[in-house]
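The values are calculated or read from the model by the stated rules, or taken from the named source; none is laboratory data. Since we're looking at a predicted model, the values are computed, not measured. Positions of Cβ are backbone-derived with ideal geometry, glycine not excepted, and every protein chain shown enters the neighbour counts. Accessible surface is based on the protein model in full, side chains and every heavy atom, while ligands, DNA and RNA are left aside. Shrake-Rupley method; radii C 1.70, N 1.55, O 1.52, S 1.80 Å.
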Amino acid sequence: ILRKLLTKQGYEIVGEAYDGTAAIQKYRELKPDLVLMDIILSDPTMNGIETIKWIIKIDPGALIIIVSAMEHEGLINEALVAGAKNYCVKPFETNELIQIIDKVLKGNR
């Protein structure tokens, strides 16, 4: 869904990963401008927050946005402390997500 929505808005999608280990590997390989990540991943050993921590170790300047149905304030705060720059709660409006992406890419939270 995100690929289709963002491509339609003119963004280029350079990769996708379905678990934390793959996300870290893809990040190293592709060095994307921005990462959209869920807190809940299919990897039983590494959730989105742990994955964020690893990506930030690789690249302290990484731009990561949490896109998750988990609206639990503690988890969102934990993701932000780990290094995520912002978050968007599912379900979301396309304009809401685009505004968050644009803010993060421009260096604003």
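Within region 85-103, the residues that satisfy the criterion of being free of Cβ contacts under 8 Å to residues at least 40 places away in the same chain and of a type in the set (Val, Ile, Thr) are Val89, Ile100. Would you call Ile100 at pLDDT 95 or above, open to solvent by less than 90 Å² (accessible area, probe 1.4 Å) and either farther than 17 Å from Leu5 by Cβ or of a type in the set (S, T, N, Q) (or both)? In short, no. Going through (1) in contact (Cβ under 8 Å) with a residue 60 or more places away in the chain; (2) under 25 Å from Glu29 (Cα atoms) one by one, Lys106 falls short only on (1). The residue that is least open to solvent (accessible area, probe 1.4 Å), counting only those in region 23-60 that are of a type in the set (Lys, Arg) and farther than 15 Å from Asn86 by Cα, is Lys26. Only residues that are open to solvent by 40 Å² or more (accessible area, probe 1.4 Å) and closer than 14 Å to Ala23 by Cβ were counted in region 64-90, giving 0.
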